[in-house]
Amino acid sequence: MILAIIPAKGGSKRLPNKNMYPINGRPLIDYTIEYVKNSKIINDFFVTTDDEIIKEYCIENNIKYIMRSQKLGGETPIIDVYRHALGKITFSFKVEILLGIQVD
């Protein structure tokens, strides 16, 4: 099984709330989610976030998400974000490949 994790933090130093920034009438994160959904090799995916707005977007669009603490946002090494996400998912399958798909 190939699992994708999409890290989407709420804060950004250069462009606040960049993952929800509208591009052509859609939030930036929407393009990444569409890509993953249309992939012929990715079996499942989760968004991992520290932001309530992104969480609500996931709920409204029936997207699986994992909440993480603010300490796993900011300049945290991305590997720590992936480790946290994997620790929160209950698997009924063997993950053979983990893909990290960045929104930006």
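The values are calculated or read from the model by the stated rules, or taken from the named source; none is laboratory data. Predicted, not measured: the structure shown is a model, and the values here were computed from it. Here Cβ is always computed from backbone atoms with ideal geometry, including for glycine, and neighbour counts include all displayed protein chains. All accessible areas refer to the heavy atoms of the entire protein, side chains included, with ligands and DNA or RNA removed. Shrake-Rupley method; radii C 1.70, N 1.55, O 1.52, S 1.80 Å.
For the stretch 43-85, the set of residues classified as in a helix (DSSP H, G or I), open to solvent by 60 Å² or more (accessible area, probe 1.4 Å) and out of contact with any Phe, Trp or Tyr (no Cβ under 8 Å at 6 or more places or on another chain) consists of 52, 53, 56, 60, 70, 71, 78, 79, 83, listed by residue number. Restricted to the stretch 31-42, and to residues that are open to solvent by 30 Å² or more (accessible area, probe 1.4 Å) and in a helix (DSSP H, G or I), which residue is farthest from residue 90 (Cα to Cα)? So the residue we want is 31. Considering the stretch 86-102, the residues that are more than 18 Å from residue 8 (Cβ to Cβ) and charged (D, E, K, R) include one that is surrounded by the most Cβ atoms within 10 Å (Cβ to Cβ), namely 96.
Within the set of pairs 6 or more residues apart or between chains, which connect a residue that is of a type in the set (Asp, Glu) inside the stretch 58-85 to a residue that is open to solvent by 80 Å² or more (accessible area, probe 1.4 Å) and at pLDDT below 90 with Cβ atoms less than 9 Å apart? So the pair list comes out as 75/13.
Taking into account only those residues within the stretch 13-30 that are exposed (fewer than 15 other Cβ atoms within 10 Å of the Cβ) and among the hydrophobic types (A, V, I, L, M, F, W, C), which is nearest to residue 3 (Cα to Cα)? My answer is 23. Residue count for the stretch 8-30 under the criterion of being free of Cβ contacts under 8 Å to residues at least 40 places away in the same chain and either in a helix (DSSP H, G or I) or at positive phi (or both): the result is 5. The conditions of being out of contact with any Pro (no Cβ under 9 Å at 6 or more places or on another chain), at pLDDT below 90 and on the phi < 0 side of the Ramachandran plot are not met by residue 45.
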